[in-house]
Amino acid sequence: MQTYKAPLRDMQFVIHELHDSAKLTTMKGFEEVTPDLIDSILEEAAKFAESVLLPINASGDEQGCTYENGVVRTPAGFKPAYDAFRESGWTAIAADPAFGGQGLPEVVSKQVEEMLCSTNLSFSLYPGLTHGAYQAILDHASEELKQLYLPKMVDGTWSGTMCLTESHCGTDLGLLRTKAVPQPDATYKITGSKIFITAGEHDLTQNIIHLVLARLPDAPPGVKGISLFLVPKFIPDASGEPGMRNGVLCTAIEHKMGIKASSTCQMSFDDATGWLVGEPHKGLRAMFTMMNSERLSIGVQGLGIAEAAYQSAVFYAKDRIQGRSPSGTKSPGQAADPILVHPDVRRMLMTIRAYAEGCRALGGWVAQQLDQVVHADDPAVREAAEDFTALMTPIVKALFTDIGFDMASLGMQVYGGHGYVRDHGMEQYVRDARIAMIYEGTNGIQAMDLVARKLGAQDGRLLTRFFEPVAAFLAANRDDPNRDDSSLGGPSLGGMARALGHAFDTLKTTTAHITAAGQRDPEEPGAAAADYLRLFGLVALGFMWVRSAQVAQRKLPTANGDARFYQAKLHTAQFFMDRLLPQTAALAATIQSGKGSMMEMAEEMF
Amino acid sequence: MKILVPVKRVVDYNVKVRVKADGTGVETSGVKMSMNPFDEISIEEAVRLKEKGVATEVIAVSMGVAACAETIRTALAMGADRGILVESAVELQPLAVAKLMKALVDKEQPQLVILGKQAIDDDMNATGQMLAALLGWPQGTFASKIEISGDGISVTREIDGGLETLALTLPAIVTSDLRLNEPRYASLPNIMKARKKPIETMKPEDLGVDPTPRLTLVSVAEPPKRQAGKKVGSVAELVSKLRTEAKVI
């Protein structure tokens, strides 16, 4: 059964205890964002997600979107849920107060996003895409366009899309063909076809604002000749209300494996009126400026699904009785023991839990740094945060979404056959999670971004933004004998720190190996990329787990009623160090083997 | 017209309550706390009356530890105008709460007090009735519908046999039942605004009330575990067991 209560205690742990939210109030623009305000926001968002979005998750999947004569209808319940979402002000959470937003930090809004993704991934995409379009307009459009469009996109009465992909070009946008012809009134006529446009057409909002990549007549070929245009479904009239229908039409919707309640559209632009956003030929850059935040959001989709799968799997593991514990009967009053007693079921549940909580901690760190990029006073702090988020963006996107799918599958496994049939909703998580590994840059592209761009950028300076804090932490914690004191009721922090130290050494050696191999042979980094990204991600999660364990150990002696939370944190930390982090050794060996075994086979042998 | 609404901080209705090892009560530290659901309904009703232009001000009152301020913030986020926190380290029983509420009513002069019919932690169902008695005001308890006209209020109450409608003269006490309304979700802007609304803090002494408990708690224990059932082979065996073992027929 799809069951979900927002993991508020763990979110509070991540925001307040691990990443020190109290510091937020010292930052420009966040003066009022106190820990208790954050808590009330999370609590209210949780209520909404649990009681409005969760109930229409399975039904939305069953029903899907429907297309008829250019009109797309979302499943039953989506329109009222969206109206309630908008009226409650959630569309404005991370938007600029100048346009009606609440201007809350990423570290808060990403937790709210996680709740939306856990309860209804399809639903979350509608406001998610609007926010992406909002950000591009905010950063690059003229003041006039901003005034006209942003307030309505922030309050959610209008939604947004990002129209990049065409049937012949996805990853390689340099191939795109959509044309933009300048008009005497300073507008443009946009003509072309786009595919895979999320929320391209639907019945949730009065108007839909498309951000479209297209070529001007004088555009140079390739990615340097792409411009960004704003194309509304209805052109606003003099009073700013939706007016004349523009030449943009949804010609079909895709039939997909998952996220069926999200409308994925083929869009046709036929002399549609558009306005230039940013400078001519610099559209790609304009569209990608918010990429770090967007890709973290996609990562959060993986995290959200992993959390939902965990909770549903735990529910079943406690409820389903089958067989007896290998160490002797645990529930003599019942015909069998709950399957939670079995080590293999524990393995699955602990794996999902350790990854979900680890990703939440790591995502929280990246979100905190995204806030620093914009809000820190000190330019050196801003630069460090920019480096860090650029480095970690491909990692959180690919790692979290790979994990999300794997954990959804593991959650289904706990249910056995009852997970494979539709009734319990577990297979929906598997299907819904799968897309996140593909869109917003496939995970393969993310891995290439990490090894080919980020490692070498600024002479390796980006890398130091992760390596230095880890090294400093290890230096402070690994050799301190007092850290081995396990009398506090948990595992030894020194032991965990040493395990992290080994994995970190492996990461450093492997990084040096890839860099050297890449200089000899340009194919080597590509052969290592996916495994390297996973290795890096595991070390980052390991770092979060040791830090979490340290916080838990400090707080445990005075925790009273909260003791179980910290004890569980310590158990899960130990599980991660013992059973998940060791994968780093296998990954390092894989990478060291080089490209030979996959590149030497001749093409015709495939 | 002013409306006063007391809101109680209780263990969240989703939490599986655990009895403390020493039997002195239930475990509340580190447990998620939230507003008593009946009080949410009361706040919602008061805010709706304000939105209709019937009420001019909604005041949320909470009593107990300092953290009760968070419960008041929730009420403010739902639309209450200001809060009063009566801070007390002593456990507050219904009579003490009713006395403190009476002192606040004397001070604030509301025309209507809407209380939850009971709190989900102790299920006392007493404070509203006690407050009505202390004030000498009419009371409409277990309300599923209220309507204000002029200086009167009609209260539809849920009783064993169905519904009963009372006509009361204001000022009056109403206690809300589940079906009175469905509380709203606090909107994000209102959560932010709630931070700026005032909460006045006072002590029972300031109101001239001695809150010392009058009831003594003897012990708190889990209900006995349900025993496994027995399968019977025939109706005759069932009847005989009901007669000889269960002794119910």
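The values are calculated or read from the model by the stated rules, or taken from the named source; none is laboratory data. Because the structure is a prediction, the values reported are computed rather than measured. Because the Cβ atoms are built from the backbone with ideal geometry, glycine has one as well, and the counts that use them run over all protein chains shown. To get the accessible areas, we keep the full protein, side chains included, count just its heavy atoms, and leave off ligands, DNA and RNA. Shrake-Rupley method; radii C 1.70, N 1.55, O 1.52, S 1.80 Å.
See the values below:
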{"item": "Equivalent ellipsoid semi-axes, region A:271-421, via Cα gyration tensor eigenvalues times 5, rooted, Å", "result": "45, 19, 10"}
{"item": "Under DSSP loop assignment and at most 10 Cβ neighbours within 10 Å, longest GluC sites (Glu not before Pro)-free interval of chain A", "result": "A:32-599"}
{"item": "Under 25 Å from the Cα of B:Lys107 - lysines, other chains or at least 8 residues apart", "result": "B:Lys2, B:Lys8, B:Lys50, B:Lys99, B:Lys117, B:Lys196, B:Lys197, B:Lys203"}
{"item": "Area projected by the alpha carbon convex hull of region B:1-114, averaged over all directions, nm²", "result": "7.4 nm²"}
{"item": "Cβ-derived FRET efficiency at R0 25 Å, A:Thr25 paired with B:Asp206, nearest 0.05", "result": "0.20"}
{"item": "Estimated FRET transfer efficiency when R0 is 51 angstrom, pair B:Ala89-A:Asp578 (beta carbons, to 0.05)", "result": "0.70"}
{"item": "Cα-based Rg of region A:305-382 normalised by 2.2 N^0.38 Å, two decimals", "result": "1.77"}
{"item": "Linear extension gain, A:Ala252 paired with A:Asn69, 0.36 nm per residue minus alpha-carbon span", "result": "65.0 nm"}
{"item": "Nearby lysines by direct alpha-carbon distance to A:Lys595 (threshold 24 angstrom, same-chain neighbours under 8 apart not counted)", "result": "A:Lys454, A:Lys508"}
{"item": "Sequence-distant residues sharing a close amide H with B:Met33 (under 5 Å, placed H)", "result": "B:Asp12"}
{"item": "Per-residue ³J(HN,Hα) for region B:199-205, Karplus 6.51 cos²θ - 1.76 cosθ + 1.60, θ = phi - 60°, Hz, x for Gly and Pro", "result": "10, 8, 10, 9, 10, x, 4"}
{"item": "FRET E, pair A:Thr442, A:Thr34, Förster distance 45 Å, beta-carbon r, rounded to 0.05", "result": "0.65"}
{"item": "B:Lys197 long-range amide H proximity, modeled H, under 5 Å", "result": "none"}
{"item": "C-alpha center-to-center spacing [region A:1-26, region B:213-248] in angstrom", "result": "44 Å"}
{"item": "Relative contact order of chain A, pairs being alpha-carbon contacts under 8 Å that are 6 or more residues apart, as %", "result": "13 percent"}
{"item": "At least 10 Å² of accessible area lost relative to the chain alone, listed for region A:549-573 with a 1.4 Å probe", "result": "A:Asn560, A:Gly561, A:Asp562, A:Arg564"}
{"item": "Two-site label geometry, A:Glu87 and B:Arg195: point separation in nm, points 7 Å out along Cα→Cβ", "result": "2.6 nm"}
{"item": "Extension gain from A:Ser239 to A:Gln413, taking 0.36 nm per residue of separation minus the Cα-Cα distance", "result": "57.1 nm"}
{"item": "A:His168 accessible area, assembled protein chains, probe 1.4 Å, Å²", "result": "60 Å²"}
{"item": "Karplus 3J(HN,Hα) series, Hz, for region A:107-114 with 6.51 cos²θ - 1.76 cosθ + 1.60 (x for Gly, Pro)", "result": "5, 8, 5, 5, 5, 5, 4, 4"}
{"item": "Region A:8-288: relative contact order as a whole-number percent, Cα under 8 Å and 6+ apart", "result": "19 percent"}
{"item": "Taking the convex hull of Cα positions in region A:194-278, its mean projected area over all directions (nm²)", "result": "7.0 nm²"}
{"item": "Amide H within-cut-off set for B:Gly140, under 5 Å, with H built and near neighbours excluded", "result": "B:Ile173, B:Val174, B:Thr175"}
{"item": "Theoretical ellipticity at 222 nm over chain A - DSSP helices of four or more residues, -39500 (n - 2.57) apiece, nearest 500", "result": "-17000 deg cm²/dmol"}
{"item": "Distance histogram for region A:444-596 (every C-alpha pair counted, 5 angstrom bins, percent rounded to whole numbers)", "result": "2, 10, 18, 19, 16, 12, 9, 7, 5, 2, 1, 0"}
{"item": "Rounded Å value of the spacing that divides the Cα centres of region A:303-322 and region B:72-122", "result": "40 Å"}
{"item": "Distance histogram for region B:2-223 (every C-alpha pair counted, 10 angstrom bins, percent rounded to whole numbers)", "result": "8, 34, 37, 18, 3, 0"}
{"item": "Sites matching trypsin sites (Lys or Arg not before Pro) across region A:85-167 that sit in DSSP coil, with at most 12 neighbouring C-beta atoms within 10 Å", "result": "none"}
{"item": "Those chymotrypsin sites (Phe, Trp or Tyr not before Pro) in region A:1-76 that DSSP places in a loop and that have at most 13 other beta carbons within 10 Å", "result": "none"}
{"item": "Relative contact order of region A:290-441, pairs being alpha-carbon contacts under 8 Å that are 6 or more residues apart, as %", "result": "36 percent"}
{"item": "Paired Rg and Dmax values of region A:1-117, which use every Cα atom, in angstrom", "result": "16.6, 54"}
{"item": "Projected-area average for the protein assembly as shown over all orientations - Cα convex hull basis, square nanometres", "result": "45.4 nm²"}
{"item": "With at most 13 other Cβ atoms within 10 Å, longest stretch of chain B clear of loop GluC sites (Glu not before Pro) (DSSP)", "result": "B:92-244"}
{"item": "Karplus-derived 3J(HN,Hα), 6.51/-1.76/1.60, for each residue of region A:194-205, Hz, glycine and proline x", "result": "10, 10, 6, 8, 5, 6, x, 8, 5, 10, 8, 10"}
{"item": "Theoretical gain in end-to-end length, A:Thr157 to A:Arg564 [0.36 nm per residue, Cα-Cα removed]", "result": "142.1 nm"}
{"item": "Cα Rg over Rh - region A:8-288, Kirkwood", "result": "0.98"}
{"item": "In degrees, nearest ten, helix A:121-140 long axis to first principal axis of chain A (Cα)", "result": "60 degrees"}
{"item": "Which of A:Val421, B:Val58 is most accessible, then next, and so on - probe 1.4 Å", "result": "A:Val421, B:Val58"}
